[in-house]
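The values are calculated or read from the model by the stated rules, or taken from the named source; none is laboratory data. Quick caveat: nothing in here was measured; it's all calculated off a predicted structure. Here Cβ is always computed from backbone atoms with ideal geometry, including for glycine, and neighbour counts include all displayed protein chains. Surface areas here come from the heavy atoms of the whole protein model, side chains and all, with no ligands, DNA or RNA. Shrake-Rupley method; radii C 1.70, N 1.55, O 1.52, S 1.80 Å.
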Amino acid sequence: EHGSPTTSSNGFSTLRSSYDEAGNLLLTTAFDVRGTPGHLNDTYASLRRTYNEFGKLARETFLDARGKPINNRSGCATLVHEYDTSGNEVTLACLDASDQRATHVNGYSAIRLKYDDRRSEVERAFVDTRDRGDTICRNKGVNRQPLMLRQSGRAPTRSTCELPETATIRRRTGP
C-alpha cells in the first residue's frame with residue numbers, strides 16, 4: 001500500500017531527472033504534491049545542465065516553473081564552467097536571466113583559477129563583472145592569494161579564501 005505524497009523539507013514532493021546517452025544529468029525538475037512544477041530551495045523549479053564536447057559540465061541554468069531562467073539564491077540564473085586544455089576548470093562565471101554577467105551574493109561575478117604543472121590549484125581570483133580582481137575574497141584572504149601546498153604537492157582541501165557552498169570547482173584528468 002502506498003501513502004499519499006508529502007512535501008519534503010526542501011519544498012517539493014517529487015524530483016524527476018533526465019540523462020543523456022553518456023549518463024550526464026541534463027535536467028532535474030521538482031514537483032509539488034499535485035504534480036505541478038514546484039521549487040527547489042524556494043527559488044527555481046528545474047536545473048538544466050549542458051556539457052562541452054569532452055563531456056564536462058559547461059552550463060547550469062536555473063529555471064522557473066515555466067522553463068525560463070531565474071536567479072537562484074546566490075543571484076545567478078546560469079553558472080558557466082570553462083576549462084583549460086588539461087581539463088582543469090579555469091572559470092566559474094555567474095550570469096543573470098538575460099545571459100549577462102551578474103554579481104553573486106558574495107560580491108563577485110566569476111572565479112578564475114590557475115594551476116601549476118602538476119595540475120594543483122595555485123591561485124583563485126574573485127573578479128567583478130568587468131573582470132577586475134581588485135575586490136572580493138571577502139572571507140579571510142586577499143584577492144589572488146596563492147594556496148599553500150602540502151609536502152605531497154597537493155593543494156589543501158580548504159584555503160583561506162574559500163568558495164561558497166553553491167559553487168563547485170571540478171578538476172578531472174584528461175581533456
Along Cα→Cβ, 7 Å out, is where each label goes; now give me the distance between the ones at K114 and E21 in nm to one decimal. 4.1
Would you tell me the accessible area of E123, worked out with a 1.4 angstrom probe on the heavy atoms of the protein chains, in Å² to the nearest 10? 40
Where the Cα pairs of the range 25-129 fall when distances are cut into 10 Å bins, in %: 15, 39, 31, 12, 3, 0
Per-residue SASA entry for S17, accessible area with 1.4 Å probe, Å² rounded to 10: 60
Return one quarter of the surface area of the convex hull spanned by the alpha-carbon atoms of the range 56-117, equal to its mean projected area, in nm². 4.7
